[in-house]
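Report on the structure given below.
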Amino acid sequence: MTIAYRAATVITDVLADTAVHDAVVLIEADRIAWVGPADRAPISAHVETVDLGDRVLLPGLMDAHVHLAFDASGDPVESMLARDEPARLESMRRSARQLVESGVTFARDLGSPRGLSARIRDEIRDGTTPGPRLMVAGRPLTRPSGHCWFMGNEVDGPGRARDAVREELDAGADLIKVMVTGGRMTAGTDPLRFEIPETTLAAIVDEAHHHGVTVAAHALSTAGVRAAVTARVDTIEHGTFISPQGGDGFDTALVRELADAGIAVCPTLGVVGAHAHPIPLEIRGGWIAGLHAAGVPILAGTDSGIPRHPHVGGVVDGLKGLLAAGLSTRQALAAATEAGMRAAGLPMAGAVKPGYLADVIAVDEDPRSDVEALLEPPVVIAAGRIVKDTTGEAGA
Ligand SMILES: [Zn+2]
């Protein structure tokens with residue numbers, strides 16, 4: 001089935017800043033078939049046309065770091081552990097719906113209890129649950145009693161680590177998540193220390209790459225980032241350069257190595273000010289600016305689900321954080337669309353071009369003037385399906 005969407009403006013590529021006015025986008029199944037001026041649109045008589053009026057149509061957004069299993073309450077771990085499996089799945093479906101209704105059409109779930117995120121991914125793909133296109137990590141790999149052990153796959157050496165990678169892939173994982181440092185949500189772990197032996201981390205990366213999947217490494221300190229870079233992981237999550245003393249440990253030489261290795265960083269900027277972070281936002285902004293200046297791909301991502309980081313609207317706050325760090329609006333939007341998606345492993349997505357995935361949103365104002373326009377998009381189309389329409393006209 002083909003549907004023609006007509007809109008006053010279609011932003012086709014946020015980084016190149018190209019747009020078509022009085023435009024039509026033809027969507028065929030889950031792909032964009034054609035985009036161009038309305039008066040040249042190849043629309044045959046049997047094609048349904050949806051008129052989005054004065055709205056701006058653009059690519060849907062990415063959140064490269066979410067936790068569907070966490071509900072963003074004050075203690076999401078406790079509330080998750082209190083639920084049985086059907087209740088966990090229900091909660092995850094709610095998270096997925098919230099994400100996609102806020103304009104997120106692609107997300108990476110970087111840690112959920114065994115098998116659950118893969119199930120939600122498949123339900124979304126089959127059209128039975130509304131949500132973003134998902135890449136899921138399954139259970140995070142962590143040292144015994146390490147960060148997120150309560151839902152993790154605990155590894156105590158290289159042999160066990162290789163088994164754990166295969167276990168997660170067998171359970172449906174698309175990528176592997178590894179806790180390279182401790183985390184603030186898990187008592188008894190140290191965010192400042194590299195917590196997995198080098199040989200174990202190397203085995204995880206080798207086994208994952210052998211199976212053709214990427215590795216996302218949680219690293220909160222300079223020591224952790226260094227270990228992740230040495231092991232040649234694919235993306236670094238959080239990527240904060242906290243020194244062993246708990247201060248500013250930014251390391252220019254390490255960032256250069258990171259850039260040369262082609263590793264992307266997801267700085268997980270969620271709702272600004274929602275979560276007490278030990279390092280002020282201005283300093284973290286400087287780190288992001290340093291990474292960006294060195295040519296490191298930046299991934300928009302929020303860590304949604306952790307305390308007071310709701311699955312709704314966080315990605316827009318995160319974009320504001322990137323702007324505060326000195327990225328231009330085009331660069332910040334690129335981190336959430338084509339450039340970011342490609343770096344996160346999703347090709348042919350994040351732009352409104354023929355052959356690209358039909359993941360698009362429509363908003364009332366042009367987000368290139370103010371990214372706030374992306375909050376609560378009235379229309380969301382994910383994988384060619386209308387999953388949200390509050391215009392009262394479209395998709396009738
Ligand atoms: Zn996380």
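May I ask you to list the residues in region 176-186 that are assigned to a loop (DSSP other than H, G, I, E, B) and in contact with an Asp or Glu (Cβ under 8 Å, 6 or more places away or on another chain)?
Going residue by residue through region 176-186, those that are assigned to a loop (DSSP other than H, G, I, E, B) are 180, 182-186.
Across region 176-186, the qualifying residues are VAL180, GLY182.
Can you tell me which of (1) surrounded by fewer than 24 Cβ atoms within 10 Å (Cβ to Cβ); (2) of a type in the set (A, V, I, L, M, F, W, C); (3) at pLDDT 95 or above is the one ALA324 doesn't meet?
Going through the list (1) surrounded by fewer than 24 Cβ atoms within 10 Å (Cβ to Cβ); (2) of a type in the set (A, V, I, L, M, F, W, C); (3) at pLDDT 95 or above, ALA324 breaks only (3).
Got at least one residue in region 243-265 being within 15 Å of the ligand (Cβ to nearest atom) and either under 21 Å from ALA107 (Cβ atoms) or modelled with pLDDT under 95 (or both)?
Scanning region 243-265, I find at least one residue that is within 15 Å of the ligand (Cβ to nearest atom) and either under 21 Å from ALA107 (Cβ atoms) or modelled with pLDDT under 95 (or both), so the answer is yes.
Determine, yes or no, whether VAL316 is part of a loop (DSSP other than H, G, I, E, B) and within 18 Å of the chain's Cα centre (by Cα). Write out each step before concluding.
Values: part of a loop (DSSP other than H, G, I, E, B): no; within 18 Å of the chain's Cα centre (by Cα): yes.
Spelling it out, it is not the case that VAL316 is part of a loop (DSSP other than H, G, I, E, B) and within 18 Å of the chain's Cα centre (by Cα).
Pick out the one residue from ALA300, ALA344 that is farther than 23 Å from MET185 by Cα, within 16 Å of the ligand (Cβ to nearest atom), under 20 Å from the mean Cα position of the chain (by Cα) and at pLDDT 95 or above.
ALA344 is the lone residue from the list that is farther than 23 Å from MET185 by Cα, within 16 Å of the ligand (Cβ to nearest atom), under 20 Å from the mean Cα position of the chain (by Cα) and at pLDDT 95 or above.
Can you name every residue in region 42-63 that is part of a loop (DSSP other than H, G, I, E, B) and closer than 28 Å to ARG342 by Cβ?
Filtering region 42-63 for residues part of a loop (DSSP other than H, G, I, E, B) gives 42-47, 52-55, 60.
Listed by number, the residues that qualify are LEU52, ARG55, GLY60.
Residue check, VAL77 against (1) at positive phi; (2) within 16 Å of the ligand (Cβ to nearest atom); (3) modelled with pLDDT under 95, all met but one. Which one?
Going through the list (1) at positive phi; (2) within 16 Å of the ligand (Cβ to nearest atom); (3) modelled with pLDDT under 95, VAL77 breaks only (1).
Within region 73-86, how many residues are in contact with a helix residue (DSSP H, G or I) (Cβ under 7 Å, 6 or more places away or on another chain) and either of a type in the set (S, T, N, Q) or part of a helix (DSSP H, G or I) (or both)?
Going through region 73-86 one residue at a time, the tally reaches 4.
Table: residues versus (1) farther than 22 Å from GLY318 by Cα; (2) part of a loop (DSSP other than H, G, I, E, B); (3) within 13 Å of the ligand (Cβ to nearest atom); (4) among the β-branched types (Val, Ile, Thr).
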position	(1), (2), (3), (4)
ASP71	no, yes, no, no
ARG88	yes, no, no, no
SER91	yes, no, no, no
ARG97	no, no, no, no
GLY111	no, yes, yes, no
GLU123	yes, no, no, no
PHE150	yes, no, no, no
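Give the residues of region 340-396 that are assigned to a loop (DSSP other than H, G, I, E, B) and over 20 Å from TYR5 (Cα atoms), sorted by residue number.
The answer is ALA344, GLY345, LEU346, PRO347, ARG368, SER369, ASP370, LEU375.
Would you check if HIS277 is assigned to a loop (DSSP other than H, G, I, E, B), farther than 21 Å from ARG342 by Cα and in contact with a strand residue (DSSP E or B) (Cβ under 6 Å, 6 or more places away or on another chain)?
Numbers: assigned to a loop (DSSP other than H, G, I, E, B): yes; farther than 21 Å from ARG342 by Cα: yes; in contact with a strand residue (DSSP E or B) (Cβ under 6 Å, 6 or more places away or on another chain): no.
It is false that HIS277 is assigned to a loop (DSSP other than H, G, I, E, B), farther than 21 Å from ARG342 by Cα and in contact with a strand residue (DSSP E or B) (Cβ under 6 Å, 6 or more places away or on another chain).
Being over 20 Å from LEU281 (Cβ atoms), surrounded by fewer than 24 Cβ atoms within 10 Å (Cβ to Cβ) and in contact with a helix residue (DSSP H, G or I) (Cβ under 7 Å, 6 or more places away or on another chain) is true for just one of LEU254, LEU175, LEU201. Which residue is that?
LEU254
Could you count how many residues in region 291-311 are surrounded by fewer than 18 Cβ atoms within 10 Å (Cβ to Cβ) and more than 17 Å from ALA343 (Cα to Cα)?
Within region 291-311, residues that are surrounded by fewer than 18 Cβ atoms within 10 Å (Cβ to Cβ) and more than 17 Å from ALA343 (Cα to Cα) number 1.
Given HIS292, HIS309, which one is assigned to a loop (DSSP other than H, G, I, E, B) and assigned by TED's automatic domain parsing to the domain that holds LEU192? Steps first, answer last, please.
Working: HIS292 fails: assigned to a loop (DSSP other than H, G, I, E, B).
None of the other options fit; the residue is HIS309.
Quick one: in region 60-103, of everything that is buried (at least 24 other Cβ atoms within 10 Å of the Cβ) and of a type in the set (Val, Ile, Thr), which residue is nearest to GLU237 (Cα to Cα)?
In this case the residue turns out to be VAL66.
Looking for something basic (Lys, Arg) and either crowded, with 18+ Cβ neighbours inside 10 Å or closer than 30 Å to LEU89 by Cβ (or both) - is there at least one such residue anywhere in region 138-155?
Yes, some residue in region 138-155 is basic (Lys, Arg) and either crowded, with 18+ Cβ neighbours inside 10 Å or closer than 30 Å to LEU89 by Cβ (or both).
In region 161-172, which residues are surrounded by 18 or more Cβ atoms within 10 Å (Cβ to Cβ) and among the basic types (Lys, Arg)?
ARG162
The values are calculated or read from the model by the stated rules, or taken from the named source; none is laboratory data. What you see is a predicted model; the values in this text were computed from it and never measured. For neighbour counting, all protein chains shown are included, and Cβ atoms are generated from backbone atoms with ideal geometry for every residue, glycine included.
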